[in-house]
Amino acid sequence: MDITNRDRELLRSLKKYELLSTIMIETLIFKNIRKTTMLRRLRILEKEKLIKRTQNTTSQIHLWSITDQGAQAIGLEANKNSWNKNTLDHDLKLIDIRLRLEKCNLVQDWTTEQAIKSIIFKNNSIVEAKKKLIPDGVFITTTETQNKSVAIELELTLKDKKRIKEVVKNYLAKKDLNFVWYISNHKNILKSIFSEWKTMAKGSSGVRLIASLYDEVIANPVEAHIYTLEGVFKLNDFWKLTPAHTYAHTVSTQASSYLIPSNGISANNYTTSKKGTAL
C-alpha cells in the first residue's frame, strides 16, 4: 500500500506517544477531516499491520499503537506495542496530561517511562535495574533561559506509607533532577506525599516537590494550581510560560541520569499567590 504523508505523521505520533486514543488521533492528525474518513484509514492501516488497536475495558475507548512493521515503514526502531490492560486508564490519563502540557508550551522534551526503563536496564544488571526509581515520565522545560528537569508521577490510588517513604527517599537522593511533580485526582493522596516529603527532606535536597490536581490540569493547564511547600501558584505564573519557548535544545541521557544536569531553583524565585500548600 502507499503510505501517505498523513499516515507518516500518524505513525510518527504513535511512535512518540506510544499510545493514542481515537479522539487524540483526531485532534492531532485528522483535524477538520470527517470522522468516517479517519476511521476508514485507521482500519486500513490496522489491516496492513502498521498500527494495532487495544480497547480500554474501563471506558470502552479504542487505543492505538504502532507495530514493529509500522515503525520500519517510516525508518524507525520499534517501541512498546503491548500494554497491561490493568494500567491502561493510568497510561491514557498520563498521555492526556502530556498533550495538554505540550500544547501550552511547557514541555520541551519528554522521556516516557518505557524509554527510561530501557536505558536503566541497558546500563545496569537486572538486579540493580529493578531497584532503580522509574517515574511515569520526565520532561525538560526552559524557564528564564535555564533548562529544568521534571519527573512526573500520576497517582490515582494511595500507596501505603512504607512505599511512599521509599519513593520520597529515592527522589531526595537524586542529583540530576529539579522537580518531582505529583498529579492526582485526590487531595488526600497529595497530602500524604507532602507530609512524608516535609519530614524526610529537612531542607537538604535540591529536588523540589510540587503537586497539582488532575482535573485542573485537564480542564485548563495554565490556570491549574501548583502546590508547593512554600505556597500555591498558578501553573502559568510558576513556570513563567511564554510563547517564545524554544524546542531546539537536544538532551542527552547518561547511564545514571534521567535527563539533564540540574540547575537548582529556589522558592525565592517566585511570589506565592497563597500561603501554605492549601490542600
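If we scan the stretch 236-247, do we find a residue that is of a type in the set (A, V, I, L, M), at pLDDT 55 or above and within 19 Å of residue 106 (Cα to Cα)? Yes.
Only one of the numbered conditions (1) part of a strand (DSSP E or B); (2) within 25 Å of residue 216 (Cβ to Cβ) is not met by residue 100, and that is (1). The set of residues in the stretch 61-76 being part of a helix (DSSP H, G or I), within 24 Å of the chain's Cα centre (by Cα) and free of Cβ contacts under 8 Å to residues at least 60 places away in the same chain consists of 68, 70.
Would you mind stating whether residue 46 is of a type in the set (Asp, Glu), surrounded by 14 or more Cβ atoms within 10 Å (Cβ to Cβ) and not in a strand (DSSP E or B)? The answer is yes for residue 46. Candidates 36, 58: the one that is closer than 17 Å to residue 87 by Cβ and either exposed (fewer than 15 other Cβ atoms within 10 Å of the Cβ) or under 20 Å from the mean Cα position of the chain (by Cα) (or both) is 58. Which of the residues belonging to the stretch 120-145 are in contact (Cβ under 8 Å) with a residue 40 or more places away in the chain and either small (Gly, Ala, Ser) or assigned to a helix (DSSP H, G or I) (or both)? If the condition is that a residue be in contact (Cβ under 8 Å) with a residue 40 or more places away in the chain and either small (Gly, Ala, Ser) or assigned to a helix (DSSP H, G or I) (or both), then 123, 137 are the ones that fit.
Within the stretch 24-33, the set of residues being closer than 21 Å to residue 2 by Cα and not in a helix (DSSP H, G or I) comprises 29, 30, 33. Which residues, counting only those in the stretch 151-190, are part of a loop (DSSP other than H, G, I, E, B), under 23 Å from residue 140 (Cα atoms) and out of contact with any helix residue (DSSP H, G or I) (no Cβ under 9 Å at 6 or more places or on another chain)? Passing the criteria: 173, 174, 175, 176, 178.
Filtering the stretch 195-216 down to residues that are surrounded by 15 or more Cβ atoms within 10 Å (Cβ to Cβ), modelled with pLDDT of 95 or more and out of contact with any helix residue (DSSP H, G or I) (no Cβ under 6 Å at 6 or more places or on another chain), which residue is nearest to residue 135 (Cα to Cα)? The selected residue is 210. Scanning the stretch 103-133 for residues that are of a type outside the set (D, E, K, R) and more than 12 Å from the chain's Cα centre (by Cα) yields a count of 13. Is it the case, given these coordinates, that residue 29 is under 22 Å from the mean Cα position of the chain (by Cα) and at pLDDT 95 or above? So residue 29 passes the test.
Candidates 117, 148: the one that is closer than 26 Å to residue 65 by Cα, out of contact with any Gly (no Cβ under 9 Å at 6 or more places or on another chain) and not in a loop (DSSP other than H, G, I, E, B) is 117. Inspect the stretch 191-198 for any residue being in a helix (DSSP H, G or I) and either of a type in the set (Gly, Ala, Ser) or touching a Cys at 6+ places or on another chain (Cβ under 7 Å) (or both) and give the result as yes or no. Yes, there is a match, as at least one residue in the stretch 191-198 is in a helix (DSSP H, G or I) and either of a type in the set (Gly, Ala, Ser) or touching a Cys at 6+ places or on another chain (Cβ under 7 Å) (or both).
Considering each residue of the stretch 224-233 in turn, at least one proves to be in a loop (DSSP other than H, G, I, E, B) and at pLDDT 95 or above.
Just to be sure before I move on: is residue 11 modelled with pLDDT under 95 and either more than 24 Å from residue 1 (Cα to Cα) or not in a strand (DSSP E or B) (or both) in the structure I sent? The answer is no for residue 11. Here residue 24 clears all of (1) outside the structural domain of residue 183 (by TED's automatic domain parsing); (2) surrounded by fewer than 17 Cβ atoms within 10 Å (Cβ to Cβ) except the condition numbered (2).
The values are calculated or read from the model by the stated rules, or taken from the named source; none is laboratory data. Quick caveat, the model's predicted, so the values are computed rather than measured. Cβ atoms come from the backbone with ideal geometry, glycine included; neighbour counts cover every protein chain shown.
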